[in-house]
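Peer 1: Before we start, here is the structure in question, set down as structure tokens.
The values are calculated or read from the model by the stated rules, or taken from the named source; none is laboratory data. Quick caveat: nothing in here was measured; it's all calculated off a predicted structure. Here Cβ is always computed from backbone atoms with ideal geometry, including for glycine, and neighbour counts include all displayed protein chains. Protein only, heavy atoms only, side chains kept; ligands, DNA and RNA dropped before computing areas. Shrake-Rupley method; radii C 1.70, N 1.55, O 1.52, S 1.80 Å.
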Amino acid sequence: MLILRMVQDQPLHGYAIAQRIHQLSREQLSVEEGSLYPALQKLLLKGWVKASWATSETGREVREYRITASGRKQLEDELSEYRRMAKAIELLLSNA
Amino acid sequence: MAFFGEWLRRIGYLFNRRRIERDLQREMEMHREMMGEPVRFGNMLRLREESRDVWGWNWLDTAWLDLKFAARTLRHSPGFTIGAAIILALGMGLNLTLFEIYNNVVLKPLPVRNVETLVELGRLSARTGQPLSYPAAEFIRSNHTALKTILLSNRWKTATWGGSEDSLSVRFVSSNWFDELGYGAASGRLFHETVDDRADAQPVVVVSYRFWTRQLNSDTAIIGSTVRINGRPATLLGVVPEAFPTWNGHPAQLWMPIEQAEYFFPDISFKTAWDNGDIEVYGYLTKGMSLAATRDALRPLMDELAAEQPKVFRKGEWLEPYPATTRFERPWERTGRLRNVLDFGFLSLLVLTVACANLGSLVLSRSVGRLRELSVRIALGASRRRVIRHLLAESVLLTCLGAIAGLGISYAAIKTITLNVDIPLTASPDWRTLLTALIVGAFAVISIGFIPTWTVTRRDLNRAIKDGGEQASAGLGQARLRSLLSAVQVAGSCILLLLATLAARNLQHNLSPGFDFDKVAVFQPPGLGNPIQTKRGQDGRDIDFRLFWSAMRLAIATLPETADLALATTTPFVGPFQDVPRLPDAPDLAIAVNSVEGPFFRVMKIPILVGRPFDASDDRTTSVIISRRLAMQVYGTLNVMGRTFPRTPLEGEVLRQRTIVGVAEDARTAQMDFFDGAEFYLPLSTGEFRIARLLVRARTDPRALVYAMREASRKTYPQVKVDATLLSADYTNTLHNAYLTAGLASGLASLTLLLACLGIFGLISYAASLRRRELSIRMALGATRRSVVRLLITQSTRPALWGMLFGFGTSIVALRITNGKGGGLGPYDVSTFLYAAAVLAVTCAASALVPALRAIRGDIAQNLRND
């Protein structure tokens, strides 16, 4: 869900995805960066993202991941599910 | 849909995996370069492995590695590998050959045009099925509206070629036969409608491809020339293509237009005889007409025939369309076929089971010997699953080798059969054969790979490493367990071997008519159909058959070659088949009647079990002899002398009640494919002389008798042209396909024995060779060579002997039980048991002797050091 959300607005390469997760979580989420790749392979297999080679701003050749239509739908489903769960947990904690 | 897309992507990955994995590696390296602290990236090798795992193809790499490793292991034991592959190839090759024959004869569609709409019309009444005569078939052909086209053919008939005395099988066919079935000539031309069926058409003949290539040396110059058939000139038009199918099991060598039948057989009233004939009527269904609709549409035609020919056709008869897709098979023929298929299938599967069981034991012994190696691999980090996979990979490789060699054997066997028998079989395997090979292969992998692997890997392999395999192999291979393994193996082989032998004998019994026909010749006035229609001699006068037969009998009895002779109304194998309605006392039996003279039983060597054969005191109206089966079914005993048959009074002359004067052994003298048949015999009356044939037993050579009989008849009664044939030739013609399969069947039991011996040899000699070290120690401690050999042989053969006793004992009990219930297997006989026991005992002793001799040969100290 996190990766899909990162590439929702623009195509990103692996390093950029890791960086964005790191920054947007205010350095709270910091995992072994390499473990991103098996996850990306899973998204490719499911057809939720597509990968293509491109040149980055720094002139490097990078592999960018772009969200697909089915990826967007999956993201929406997962987000609404997450929100529903978070809301339920929040309710539970505040009213307990 | 998503699932489908995912699989497409998976497959896409499989075909592009090298490029995709390269891309992934590049991408990861780039990522690491961009990072401030590359160490936080993680282990790249592991991450790449995990990424690959996502696509689900890793098992393929592992399997490939396992196969490569298994191939290396097998290459290191060439003796085992070659032996195992040969055993499997024999077992699988046999199964595949039998399947290929069945596939060709039954499963593959008949190779003719529009086979799905082709049918044969069988004449049926509520009582029985009967062949049609030519006038009746012509009537149907001219008046039908239900079918698109009708084709006619007679059943097989024999004729002579040129000056030769040998008989060739002939088919008379309607002139549209080849065109409608979609065949053109291999050389020259075949028959055409409106050309060869004209009244003034020249007599013509076409020959089979096999006859043309073998007997006529593929001579193209002979096409268009004049040849002599039955002494009459005819133009040889052309050659029928090699691929033309064998029709209804009778391969023909010559074809002639059916309209010209009387030209080649002038003594028969073929075209006008309504009451007899053997015409097969085929037709193509009209588009959109079902079988049932066709049957109904043809009913008025049969009613018309019944009105026009009330003596021949009864009201209520109909024409039943039998489709070509099931090879025109009648429901009652299916029982016989299924019975043969079951027998053969059971037998060939037994052979494969023996092969696989033997090989499985061998693999198990080998795995036990390799416990140390397996435990080392586990200690080095291989998972138990991996070890199992590796051991299975060896079996898969062996099975593949066996399957390829088996397909080769099957191909060669079919080619050899095609060369020797006039049946066009296709040797190249089709999808059905490959599927069968796959199923047979899977069966082999499971039995030779899975069971031994499971047994070995259940052992404590970790302990085996600690003691160098000694302890663990002692646990598995200790004397008692090893002995048990040998005993079970031998017992299993004995049971299977006996079942195979008895099943093969059962199969041969099905094909054996129950009487001795080898030295019997048949002497009969000729006729295209049966019963004989010849009433006038060549001089135009009526024949007095009483005079004819007494003259002929005298002339033939005085021939030096004649041993015995008798008249009968039914010629075995050929007919005519005279059936009677089923008896209420024996509703399961199809019953045939034959009118015979007293010496008939002597001529045919059919034993009279109780009572006596007919003599001069017997009369057709009072005496009857019944067969064993009939006696047992109706009365439940053979002691039926003086009782009346049929037990319950029935209508009709044939089934009037008579006194039983004897019980004869079962003999299928009427029709070979009647497995559920029985017969009874009536004394031949002089009124039946017109339809009788003379059966003559020769002293030594029935061929000489045939020639002498023809000569004698020419001299004694020149006005009647007669036909003399060998009963054995008729048998071969009638049971052409069955004869071939009987030959195969007898080979099966021998093959099972060979495989059982190979397996037992492998197991015992391997088990004995594992004890080389122990034997060396015994000898180092002072045991003599002789005592060591004796010890090994005794210890190895004892369990085998126990196994044999158990195996044979079980088989005898099982056979007694099945025989008691009338099971499929025939009665066991002592000779089979003794023979099999002797061969197995010798094999057991030899298997222990070879490694024993090897162990005592050479330097003991050297042996000990090497071990």
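Peer 1: Out of (1) in contact with a Lys or Arg (Cβ under 6 Å, 6 or more places away or on another chain); (2) open to solvent by less than 30 Å² (accessible area, probe 1.4 Å); (3) within 14 Å of chain A (Cβ to nearest Cβ), the odd one out for B:Asp66 is which?
Peer 2: That leaves (3) as the condition not met.
Peer 1: Follow-up. Yes or no: the stretch B:112-120 includes at least one residue that is surrounded by fewer than 19 Cβ atoms within 10 Å (Cβ to Cβ) and without any contact (Cβ under 8 Å) to a residue 40 or more places away in the chain.
Peer 2: No, the stretch B:112-120 contains no residue that is surrounded by fewer than 19 Cβ atoms within 10 Å (Cβ to Cβ) and without any contact (Cβ under 8 Å) to a residue 40 or more places away in the chain.
Peer 1: Looking at the stretch B:663-670, is at least one residue at pLDDT 80 or above and open to solvent by less than 10 Å² (accessible area, probe 1.4 Å)?
Peer 2: Yes, the conditions are met somewhere in the stretch B:663-670.
Peer 1: Any residue in the stretch B:15-38 that is closer than 19 Å to A:Lys50 by Cβ sitting within a Cβ distance under 8 Å of a residue that is of a type in the set (Asp, Glu) and open to solvent by 90 Å² or more (accessible area, probe 1.4 Å)? List the pairs, counting only those 6 or more apart or interchain.
Peer 2: Final answer for the pair search is B:Met30/A:Glu61.
Peer 1: For the stretch B:243-256, does any single residue satisfy the condition of being open to solvent by 40 Å² or more (accessible area, probe 1.4 Å), in contact with a helix residue (DSSP H, G or I) (Cβ under 7 Å, 6 or more places away or on another chain) and on the phi < 0 side of the Ramachandran plot?
Peer 2: yes
Peer 1: Being out of contact with any helix residue (DSSP H, G or I) (no Cβ under 7 Å at 6 or more places or on another chain), within 19 Å of B:Met709 (Cα to Cα) and modelled with pLDDT of 80 or more is the filter here, so list the residues in the stretch B:549-593 that pass it.
Peer 2: Scanning the stretch B:549-593 gives B:Ser550, B:Arg553, B:Leu554, B:Ala557, B:Thr558, B:Pro560, B:Ala563.
Peer 1: Determine whether A:Lys46 is within 12 Å of chain B (Cβ to nearest Cβ) and over 25 Å from B:Glu27 (Cα atoms).
Peer 2: Values: within 12 Å of chain B (Cβ to nearest Cβ): yes; over 25 Å from B:Glu27 (Cα atoms): no.
No.
Peer 1: With the structure loaded, tell me whether B:Phe139 is away from chain A (no Cβ under 14 Å) and within 30 Å of B:Leu359 (Cβ to Cβ) or whether it fails that test.
Peer 2: Working: away from chain A (no Cβ under 14 Å): yes; within 30 Å of B:Leu359 (Cβ to Cβ): no.
No.
Peer 1: B:Gly36: outside any helix (DSSP H, G or I) and within 14 Å of chain A (Cβ to nearest Cβ), yes or no? Walk me through it before giving the result.
Peer 2: Numbers: outside any helix (DSSP H, G or I): yes; within 14 Å of chain A (Cβ to nearest Cβ): yes.
Criteria met by B:Gly36.
Peer 1: For the stretch B:643-662, how many residues meet the condition of being assigned to a loop (DSSP other than H, G, I, E, B), at pLDDT 80 or above and open to solvent by less than 50 Å² (accessible area, probe 1.4 Å)?
Peer 2: 1
Peer 1: What strands (runs of 3 or more DSSP E) lie completely within the stretch B:146-212 and have 1 or more residues being out of contact with any Phe, Trp or Tyr (no Cβ under 8 Å at 6 or more places or on another chain), surrounded by fewer than 20 Cβ atoms within 10 Å (Cβ to Cβ) and not β-branched (Val, Ile, Thr)?
Peer 2: B:167-173
Yes/no matrix, rows are residues, columns are (1) over 24 Å from A:Gln19 (Cα atoms); (2) within 59 Å of the chain's Cα centre (by Cα); (3) open to solvent by 30 Å² or more (accessible area, probe 1.4 Å); (4) facing chain A (nearest Cβ under 7 Å):
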residue	(1), (2), (3), (4)
B:Tyr13	yes, yes, no, no
B:Arg19	yes, yes, yes, no
B:Arg32	no, no, yes, no
B:Trp55	yes, yes, no, yes
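Residues checked against (1) modelled with pLDDT of 80 or more; (2) crowded, with 22+ Cβ neighbours inside 10 Å; (3) β-branched (Val, Ile, Thr); (4) not in a helix (DSSP H, G or I):
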{"site": "B:Ala393", "(1), (2), (3), (4)": "yes, yes, no, no"}
{"site": "B:Gly406", "(1), (2), (3), (4)": "yes, yes, no, no"}
{"site": "B:Ala412", "(1), (2), (3), (4)": "yes, no, no, no"}
{"site": "B:Lys415", "(1), (2), (3), (4)": "yes, no, no, no"}
{"site": "B:Leu438", "(1), (2), (3), (4)": "yes, no, no, no"}
{"site": "B:Phe443", "(1), (2), (3), (4)": "no, no, no, no"}
{"site": "B:Ile446", "(1), (2), (3), (4)": "no, no, yes, no"}
{"site": "B:Trp454", "(1), (2), (3), (4)": "no, no, no, no"}
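Peer 1: Only one of A:Arg60, A:Arg72, A:Arg26 is away from chain B (no Cβ under 14 Å), free of Cβ contacts under 8 Å to residues at least 60 places away in the same chain, loosely packed, with under 15 Cβ neighbours inside 10 Å and out of contact with any Asp or Glu (no Cβ under 7 Å at 6 or more places or on another chain). Can you tell me which?
Peer 2: The unique qualifying residue is A:Arg26.
Peer 1: Being surrounded by 15 or more Cβ atoms within 10 Å (Cβ to Cβ) and either without any contact (Cβ under 8 Å) to a residue 60 or more places away in the chain or more than 10 Å from every other protein chain (Cβ to nearest Cβ) (or both) is the requirement here; does A:Leu92 meet it?
Peer 2: No.
Peer 1: Next up: Right, B:Arg48: in contact with a Gly (Cβ under 8 Å, 6 or more places away or on another chain), within 12 Å of another protein chain (Cβ to nearest Cβ) and part of a helix (DSSP H, G or I) or not? Give the derivation first.
Peer 2: Numbers: in contact with a Gly (Cβ under 8 Å, 6 or more places away or on another chain): no; within 12 Å of another protein chain (Cβ to nearest Cβ): yes; part of a helix (DSSP H, G or I): yes.
Against the criterion (in contact with a Gly (Cβ under 8 Å, 6 or more places away or on another chain), within 12 Å of another protein chain (Cβ to nearest Cβ) and part of a helix (DSSP H, G or I)), B:Arg48 does not qualify.
Peer 1: Which condition does A:Tyr37 not pass, out of (1) open to solvent by less than 50 Å² (accessible area, probe 1.4 Å); (2) more than 10 Å from every other protein chain (Cβ to nearest Cβ), if it passes all the others?
Peer 2: For A:Tyr37, the exception is condition (2).
Peer 1: Among the residues of the stretch A:1-20, what is the count of those that are within 13 Å of another protein chain (Cβ to nearest Cβ) and crowded, with 19+ Cβ neighbours inside 10 Å? Give the derivation first.
Peer 2: So in the stretch A:1-20, the residues within 13 Å of another protein chain (Cβ to nearest Cβ) come out as A:12-19.
Right, trim to crowded, with 19+ Cβ neighbours inside 10 Å and you get A:12-18.
Going through the stretch A:1-20 one residue at a time, the tally reaches 7.
Peer 1: Hey, another quick one. State all residues of the stretch B:598-617 that are surrounded by fewer than 21 Cβ atoms within 10 Å (Cβ to Cβ) and over 36 Å from the mean Cα position of the chain (by Cα); if no residue qualifies, say none.
Peer 2: B:Gly598, B:Gly611, B:Arg612, B:Asp615, B:Ala616, B:Ser617
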